[in-house]
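Shown next, in structure tokens, is the structure this report addresses.
The values are calculated or read from the model by the stated rules, or taken from the named source; none is laboratory data. Please read these numbers as outputs of a predicted model, since none were measured by experiment. So basically every Cβ, Gly included, is an ideal-geometry build from the backbone, and we count neighbours across all protein chains shown. Protein only, heavy atoms only, side chains kept; ligands, DNA and RNA dropped before computing areas. Shrake-Rupley method; radii C 1.70, N 1.55, O 1.52, S 1.80 Å.
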Amino acid sequence: MKFWVRFTCSFLFFGTIAAIGIILYVLDPLGIPKSIAIWAVVSLANSYYAAKVGDEAWRRILSFFHFLP
């Protein structure tokens, strides 16, 4: 049960962030089908990692955004 709660919460969070990033940077050059595929892979991979590892995954993934301008 914990796995699915973590997976769902992280999917909503990282799916939203990935969608914003794809709309801003990837949609025009690649088109809609490839952008949706990239969004799905990124969102599912991050969600699975966060659900499997737990709270440490959130710290590692979010620390990446600390260095972005």
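Taking the chain as a Gaussian network of alpha-carbon nodes connected by springs under 10 Å, the highest mean-square fluctuation of the residues Leu30, Leu44, Leu12 belongs to Leu30. State whether the chain is rounded, prolate or oblate according to the following rule on the C-alpha gyration tensor (a ≥ b ≥ c being the square roots of its eigenvalues): a/c under 1.5 gives rounded; otherwise a/b larger than b/c gives prolate, and the remaining case gives oblate. Oblate. Once the chain from Asp28 to Ala45 is taken as fully extended at 0.36 nm per residue, the excess over their C-alpha distance is 3.8 nm. Between Ala37 and Leu62, the modelled label-to-label distance comes to 3.3 nm, taking each label 7 Å out from Cα in the direction of the beta carbon. Over the chain, accessible surface divided per residue gives 75 Å², non-protein components excluded, 1.4 Å probe.
Taking every DSSP helix (H) stretch of at least 4 residues in the chain, weighting each as -39,500 (n - 2.57) and dividing the sum by the residue count yields a mean residue ellipticity at 222 nm of -29500 deg cm²/dmol.
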